[in-house]
Amino acid sequence: MSDRLFSLESKVAVITGGTSGIGRALSLGLADAGADVIATARRQQQVDETATEIEARGRRTLRQASDVSSRASLEALLACRARYVRQGRHPHQLRRPHQAHSNAQPP
């Protein structure tokens, strides 16, 4: 029997503002529940630190900073995910997200 209240195995979540505060807690909680999590924010260092924690939980992620106030930045995030899928870096890929949460506020 699992210690998990529920399972998000084979699900993908994208969390903007997912590298600090409530967003970080949400990112790590979803990873603990079995989801692959793309936690993104404006600062690459925080993205990398959170991604390391997600990967330590045995989940897949992308390391791509983004800014919710910039359409180009969000398009770059989508392009990064598509590149990973095409290159086969993630077997069973980080496909289309099942969940998307925005904890970020535009500056």
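Any read-out appearing in this document is the output of simple, stated calculations on the displayed coordinates, not a laboratory observation. No experiment lies behind these values; they were computed from the predicted model shown. Note that we place each Cβ from the backbone using ideal geometry, even for glycine, and neighbour counts take in every protein chain shown.
Here are the numbers for the structure shown:
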| read-out | value |
| --- | --- |
| Counted charge near Glu53, where neighbours are those whose Cβ lies closer than 11 Å (Asp, Glu -1; Lys, Arg +1) | -1 |
| Highest to lowest packing among 10-20, 33-43, scored as the average C-beta count within 10 Å | 33-43, 10-20 |
| Dipole of the stretch 1-67 [Lys/Arg +1, Asp/Glu -1 at C-beta], most positive-end residue of Thr16, Phe6, Leu26 | Thr16 |
| Rounded Å value of the spacing that divides the Cα centres of the stretch 20-35 and the stretch 59-79 | 17 |
